[in-house]
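Here the structure is laid out as structure tokens; the discussion comes afterwards.
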Amino acid sequence: MLIKPDGVKRGLVGEIIRRLEMKGFRIVRLKMLQLTRECAEKLYDVHKGKSFYEELVKFMTSGPVVALLIEGEEAIDVVRTMIGPTDGRKAPPGTIRGDFSTSILENIVHAADSEERAQYEASIVFNPDCSLNENPW
Ligand code: CMP
């Protein structure tokens, strides 16, 4: 899962992690980073060619994001239910996007939609080469 630049800027990191932990999930890895353009493109490879692709990559590289690796019962499905549908305007109250977003692009969080994708995405976001200005410590 990723907390996107809008979620970080708006100070929602704690609230999102709180919801995941209250639900019973374990946060097994956590990292704040600013994505390189190349890695944002890899992350969203399936959307290449779509009308919103360029603005999506621009948005995802516009500021720091928080990457989370989450473990728990049916984590993929349950987390996706907790975040709600893509469009914040249509996402129901009680979901992360429904509570905090009125945008389809700036929708606070991203969550992988399969275990394979989760592994693929984790290999990108936890790779030091994907982070601009990687902290030296
Ligand atoms: P996410 O779940 O990260 O997956 C792809 C992202 O592309 C999505 O959330 C939105 O941030 C963005 N997105 C999807 N559809 C649109 C759209 N029609 N217009 C703008 N952004 C979109």
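Here are some notes:
- Verdict on THR36 being of a type in the set (Ser, Thr, Tyr) and either touching a His at 6+ places or on another chain (Cβ under 7 Å) or within 13 Å of the ligand (Cβ to nearest atom) (or both): no
- If you go through segment 101-125 and pick out every residue that is open to solvent by 40 Å² or more (accessible area, probe 1.4 Å), away from the ligand (no atom under 13 Å from the Cβ) and in contact (Cβ under 8 Å) with a residue 24 or more places away in the chain, you end up with 1.
- Taken over segment 39-68, residues that are open to solvent by 40 Å² or more (accessible area, probe 1.4 Å) and in contact (Cβ under 8 Å) with a residue 24 or more places away in the chain amount to 5.
- Among the conditions (1) part of a loop (DSSP other than H, G, I, E, B); (2) in contact with a Ser or Thr (Cβ under 7 Å, 6 or more places away or on another chain), ALA40 misses just one, which is (1).
- PRO93 being loosely packed, with under 14 Cβ neighbours inside 10 Å and either within 12 Å of the ligand (Cβ to nearest atom) or not hydrophobic (A, V, I, L, M, F, W, C) (or both): yes
- Taken over segment 21-34, the residue count meeting the criterion of being among the aliphatic types (A, V, I, L, M), touching a strand residue (DSSP E or B) at 6+ places or on another chain (Cβ under 6 Å) and either in contact (Cβ under 8 Å) with a residue 60 or more places away in the chain or part of a helix (DSSP H, G or I) (or both) is 1.
- Matching residues, segment 59-83, being within 14 Å of the chain's Cα centre (by Cα) and part of a strand (DSSP E or B): VAL65, VAL66, ALA67, LEU68, LEU69, ILE70
The values are calculated or read from the model by the stated rules, or taken from the named source; none is laboratory data. Quantities reported herein were computed from a predicted structural model and do not represent experimental measurements. Positions of Cβ are backbone-derived with ideal geometry, glycine not excepted, and every protein chain shown enters the neighbour counts. Remember, those area values only see protein heavy atoms, side chains included, never the ligands or the DNA or RNA. Shrake-Rupley method; radii C 1.70, N 1.55, O 1.52, S 1.80 Å.
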